[in-house]
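Undergrad: Starting off with a structure, shown below.
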Amino acid sequence: MGTSYIYKRDASRLFIAMRENGKRFKIYLPKESMPVIDNMEQDINFIEQSDFQYLFEWKGKRYNCELVSRDQNKTTVKVNGVEYKFSLESLFSYVRHGMIDKDGKQTDENNIKSPMPGKIVDIFLAEGDLVNVGEPILSLEAMKMQNEITAPCNGVIGKIHVSTGQSVMKDDLLVEVTSIDV
Amino acid sequence: MNKRLLIANRSEIAIRIIRSAHKLGLTAVVLQSDKEPDALYLQYADEIIQAKDATNDKPIFLDAERIVQIALDHQIDLIHPGYGFLSENPDFAALCEKSGINFVGPSPDLIRNMGIKTIAKKMAIEAGLPLVPGSDGAVADVQKALDSAKKIGYPVLLKASAGGGGRGMRIVEKPETMERNFKSAFDEATAAFGNGDLFVEKYLENPKHIEFQILGDKFGNVIQLGERECSLQRKHQKLLEEAPSASISPKTRKKMGKMAVKFAKSIGYFSAGTIEYILDEDGTFYFMEMNTRIQVEHPVTEMVTGVDLVDWQIKIALGQKLTLTQAKVKTTGWAIECRVNTEDPQNRFSPQTGFIEKIRFPQNTNIRIETGVQNGSVVTPYFDSMIAKIIVQGSTRQEAIDNTLEALEDFSLIGLKTTVPFCRTVLQDPEFVSARYTTRWVTQFFNPNMLENEDDELIGALAATIIYAAEYLQIASDAPASRNESLNVWVLNKRINK
């Protein structure tokens with residue numbers, strides 16, 4: 001079974017597959033390990049691949065997949081004899097299309113503000129990086145203590161408004177994070 | 001010299017008959033239609049006769065005269081008609097007889113009588129079989145229909161005497177709606193069949209289809225080999241069958257079986273045959289009709305009884321005595337047959353034609369596969385959509401269900417959609433598992449969304465993403481080749497780790 005997963009940095013490898021009924025799958029395709037589907041690394045074996053056909057093994061069962069049709073980003077695949085239709089988005093087009101906004105997920109709470117006055121000592125991530133909920137984004141020194149500011153959600157780092165060494169006031173905007181939690 | 005058996009049929013049933021022919025030391029001869037010149041069954045035959053039917057409207061399998069002529073030209077001793085096509089055509093059987101060819105089936109008269117519903121029902125009454133209560137023949141007007149319905153009890157069914165396919169058929173729930181329904185059914189029947197005669201019959205709201213397999217020889221011996229339940233139907237087409245039936249008590253089973261034998265004996269039946277009953281919710285059963293051919297679903301009976309029905313059909317035709325007695329027929333375990341039709345259950349079962357790129361069948365000692373196709377076969381629009389049957393056994397009904405589900409998981413077909421996902425859905429449905437299902441299951445309970453499941457959906461999302469990503473990452477990269485390769489590392493890793 002899957003284990004809870006820490007996203008790798010490469011946001012270009014994260015995709016969103018959405019069905020007509022609105023059901024979404026967030027799928028991360030790492031370079032060298034198992035796919036991560038909805039934040040869980042899945043132990044899916046890739047047994048065979050030929051033209052437009054894939055054979056997977058998962059949970060001790062086989063899954064025969066066949067590409068039925070493709071039209072732009074709409075893809076219909078047949079899995080074990082039943083067709084499923086998905087529309088696909090890269091993370092960037094997904095965010096651009098404002099699908100997240102519609103759900104009201106992209107709100108102020110994902111704009112990370114400084115909880116106290118202090119100085120930025122380190123920034124661990126860059127704009128466009130994927131971030132997991134709870135993962136440190138930057139380090140803020142205040143009253144001789146270093147505080148790690150963590151991501152409030154799984155998402156992609158938007159604009160970073162501060163730089164290392166900069167002093168900030170309470171409630172200053174530090175980093176924007178676009179949630180990818182569905 | 002070996003006797004020569006011509007099979008006037010195609011696909012899986014032709015192969016099934018060839019198997020019996022070989023077992024009995026007969027030479028199996030088949031007809032090659034140019035509508036499917038590379039069909040699988042041809043590979044199993046001892047002799048192939050080319051039957052050019054491109055210039056004919058009728059496929060060879062429906063052309064009685066040409067088949068008999070071919071048989072005469074090729075010194076054929078017996079003709080096995082299989083099911084469908086000419087198998088229940090009395091004129092074909094008569095033509096065989098007249099031409100000195102042994103028709104593997106009952107006599108032309110028996111086929112004719114059982115084919116005409118009114119005669120079959122009359123003979124059934126004479127043998128003491130119960131019929132669905134109804135008006136005695138057509139009702140002259142609305143008043144007569146009302147009188148008849150009052151006697152029978154609502155709801156009733158108005159049925160065109162000349163009818164078929166649901167036309168001229170109306171369900172009448174209460175007396176107030178009789179007049180309206182009578183008029184529309186009458187008009188419809190007149191338009192469709194040129195005959196507006198209607199009769200009234202008790203309408204069974206949740207009926208089950210139970211049929212008994214019988215075997216009779218030319219010496220008056222008749223036995224029954226138990227029942228099959230074929231309630232799972234769509235538009236009167238069976239999709240999944242089981243033997244025995246979980247819907248009848250041992251007492252009812254005994255009664256139905258005895259009546260089937262009694263009826264077959266009373267009409268002097270020989271060969272393999274099937275007595276169809278309709279079973280009401282309260283356990284009452286009524287005679288529906290008799291089929292005078294080998295049936296598609298015969299393997300479930302063979303599996304639970306161990307009796308080879310096609311062997312017996314041929315032996316009986318050859319004049320052998322039915323040495324298998326009723327006392328020797330024992331039923332053990334449970335068998336389920338899933339029909340593999342190239343129909344799309346997600347889209348109102350629309351037929352699928354084209355190439356079968358790859359087909360894979362489950363294999364196990366408790367599984368029997370009857371197939372008319374292989375990798376690369378073509379499904380044409382000229383013939384019916386059933387390409388194979390998957391028959392699975394278990395010691396109990398639940399075990400048979402579990403084994404069948406497991407078997408269906410090992411089935412795959414690349415190229416066309418089939419009814420296999422539908423069968424998977426049925427086998428997991430509470431109505432089926434509890435054996436409450438009736439012939440109305442598809443209309444009452446089935447919804448194409450039931451074909452989907454979450455695991456398949458997730459894998460589908462992954463596959464769709466991989467296809468999309470391969471292109472996306474290629475476009476996004478300056479060095480397409482290396483990027484694309486890197487996507488496949490997971491694939492390669494998996495292969496190595498396997």
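Each value in this text was obtained by applying a stated rule to the coordinates, not by laboratory testing. This structure is a prediction, so every number in the text was calculated from the model and none was measured. Cβ placement follows ideal geometry from the backbone for every residue including glycine, while neighbour counts extend to all protein chains displayed.
Undergrad: Which value, in Å³ per residue, describes the convex hull spanned by the Cα atoms of the range A:14-100?
TA: Each residue corresponds to 115 Å³ of Cα convex hull volume.
Undergrad: Something else about it: Skipping prolines and chain starts, which residues have an amide H placed within reach, meaning under 5 Å, of the one on residue B:352, given they are 5 or more residues away or on another chain?
TA: B:343, B:344
Undergrad: Which of the trypsin sites (Lys or Arg not before Pro) across the range B:232-288 are loop residues per DSSP, with 12 or fewer other Cβ within 10 Å?
TA: Filter output for the range B:232-288: B:235.
Undergrad: Can I ask one more? Name the residues whose placed amide hydrogens come within less than 5 Å of the amide hydrogen of residue B:226, ignoring near sequence neighbours (fewer than 5 apart) on the same chain.
TA: Excluding prolines and chain starts, which carry no amide H, the hits are B:213.
Undergrad: Please list, in order, the residues from the range B:429-456 whose amide nitrogen is less than 13 Å from a point placed 7 Å along the Cα→Cβ vector of residue A:21.
TA: Once the point is set 7 Å along Cα→Cβ of residue A:21, B:447-456 turn out to lie under 13 Å by backbone N, inside the range B:429-456.
Undergrad: Taking the Cβ-Cβ separation of residue B:330 and residue B:55 as r and a Förster radius of 60 Å, what is the calculated FRET efficiency to the nearest 0.05?
TA: 0.70
Undergrad: Specify, per residue and in Å³, the volume enclosed by the convex hull of the alpha carbon atoms belonging to the range B:208-450.
TA: With only Cα atoms used, the range B:208-450 gives 129 Å³ per residue.
Undergrad: Would you please give the FRET efficiency between residue A:170 and residue B:474, computed as 1/(1 + (r/R0)^6) with r the Cβ-Cβ distance and R0 = 60 Å, to the nearest 0.05?
TA: 0.80
Undergrad: Going by Cα centres, the range A:141-182 and the range B:367-415 are how many Å apart?
TA: Here the two parts' Cα centres lie 59 Å apart.
Undergrad: Can you show me the helix-derived [θ] at 222 nm for chain B, built from DSSP H runs with n ≥ 4 at -39,500 (n - 2.57) apiece and divided by the number of residues, rounded to the nearest 500.
TA: -11000 deg cm²/dmol
Undergrad: Skipping prolines and chain starts, which residues have an amide H placed within reach, meaning under 5 Å, of the one on residue B:131, given they are 5 or more residues away or on another chain?
TA: The list, which skips near neighbours in sequence, is B:287.
Undergrad: Then there is this: Relative contact order of the range A:109-179: what whole-number percent is it, with Cα pairs under 8 angstrom and at least 6 residues apart?
TA: 44
Undergrad: Over chain B, calculate the relative contact order: mean separation of alpha carbon pairs under 8 Å at least 6 apart, over the residue count, as a percent.
TA: Reported as a whole number, the value is 13 percent.
Undergrad: Taking only the alpha-carbon atoms of chain B, what semi-axes of the equivalent ellipsoid follow from 5 times the gyration tensor eigenvalues under a square root, in whole Å, largest first?
TA: Here the semi-axes work out to 41, 32, 24 Å.
Undergrad: Separate question: ³J(HN,Hα) across the range B:262-269 via Karplus (A = 6.51, B = -1.76, C = 1.60, θ = phi - 60°), whole Hz, x for Gly/Pro?
TA: 4, 5, 4, 5, 5, 9, x, 6
Undergrad: Just for the Cα atoms in the protein assembly as shown, what are the lengths along the principal axes, largest first, rounded to whole Å?
TA: Largest first, the protein assembly as shown extends 107, 68, 50 Å along its Cα principal axes.
Undergrad: Suppose R0 equals 35 Å; then what is the FRET efficiency for residue A:85 and residue B:167 from their Cβ-Cβ distance, rounded to the nearest 0.05?
TA: For R0 = 35 Å, the calculated efficiency reads 0.45.
Undergrad: Next up: Based on C-alpha coordinates, I'd like the Rg and Dmax of the range B:133-202, in Å.
TA: 10.4, 29
Undergrad: Using only the alpha-carbon atoms, how far is helix B:178-193 inclined from the longest principal axis of chain B? Give it as 0 to 90 degrees, nearest 10.
TA: 80
Undergrad: Beyond 26 Å between alpha-carbons counts as too far, so tell me which of A:26/A:85; B:202/B:265; B:262/B:321; A:26/A:74; B:98/B:159; A:61/B:23 fall in that bin.
TA: B:202/B:265; B:98/B:159; A:61/B:23
Undergrad: Which of the lysines could a cross-linker bridge to residue B:58, judged by Cα under 19 Å and excluding same-chain residues fewer than eight apart?
TA: Partners within reach: B:35.
Undergrad: Per the Kirkwood formula on distinct C-alpha pairs, the Rh of the range B:162-233 is how many angstrom?
TA: For the range B:162-233, the Kirkwood estimate is 15.4 Å.
Undergrad: Another question about this same structure. Specify the longest stretch of chain A that does not include any exposed loop site, a site being one of the trypsin sites (Lys or Arg not before Pro) with a non-H, G, I, E, B DSSP assignment and at most 15 other Cβ atoms within 10 Å.
TA: Result, exposed sites excluded: A:60-143.
Undergrad: Want the number for residue B:357 to residue B:99: 0.36 nm per residue separation, take away the alpha-carbon distance, what's left?
TA: In short, 88.6 nm is gained.
Undergrad: Can you tell me how much longer the chain between residue B:38 and residue B:364 gets when fully stretched, taken as 0.36 nm per residue apart minus their C-alpha distance, in nm with one decimal?
TA: Extending this stretch completely gives an extra 114.6 nm.
Undergrad: Specify whether the C-alpha gyration tensor of the range B:298-438 places it in the rounded, prolate or oblate class, a ≥ b ≥ c being the square roots of the eigenvalues: rounded for a/c under 1.5, otherwise prolate if a/b is larger than b/c and oblate if not.
TA: Judged from the Cα gyration tensor, the range B:298-438 comes out oblate (a/c at least 1.5, b/c at or above a/b).
Undergrad: What Kirkwood hydrodynamic radius do you get for the range B:368-473 when you take the inverse of the mean 1/r over all pairs of distinct Cα atoms, in Å?
TA: Value: 16.4 Å, from the Cα pair sum.
Undergrad: Would you calculate the separation in nanometres between label points at residue B:431 and residue B:73, each defined as 7 Å from the Cα along the Cα-to-beta-carbon direction?
TA: 5.1
Undergrad: Using a 10 Å Cβ count of at most 14 others and DSSP loop calls, identify the longest part of chain B lacking such chymotrypsin sites (Phe, Trp or Tyr not before Pro).
TA: B:1-218
Undergrad: Here is a follow-up. Isolated Cys in the protein assembly as shown by the 4.7 Å beta carbon test?
TA: Cysteines lacking a close Cβ partner in the protein assembly as shown: A:65, A:153, B:96, B:230.
Undergrad: Express in whole angstrom the spacing between the alpha-carbon centres of the range B:169-195 and the range B:97-141.
TA: 26
Undergrad: Let me ask another. Sort largest first and round to whole Å: the equivalent ellipsoid semi-axes of the range B:181-281, each the square root of five times a Cα gyration tensor eigenvalue.
TA: Each semi-axis is √(5λ); the values are 31, 19, 13 Å.
Undergrad: Convex hull volume of the Cα atoms in chain A, per residue, in Å³?
TA: With only Cα atoms used, chain A gives 124 Å³ per residue.
Undergrad: With angles folded into 0 to 90 degrees, how steeply does helix B:142-152 sit against the dominant principal axis of chain B? Use alpha carbons for both and round to 10.
TA: 80
Undergrad: Please report, largest first and rounded to whole Å, the three semi-axes of the ellipsoid equivalent to the range B:19-133, where each semi-axis is the square root of five times an eigenvalue of the C-alpha gyration tensor.
TA: Listed largest to smallest, the semi-axes of the range B:19-133 are 31, 16, 14 Å.
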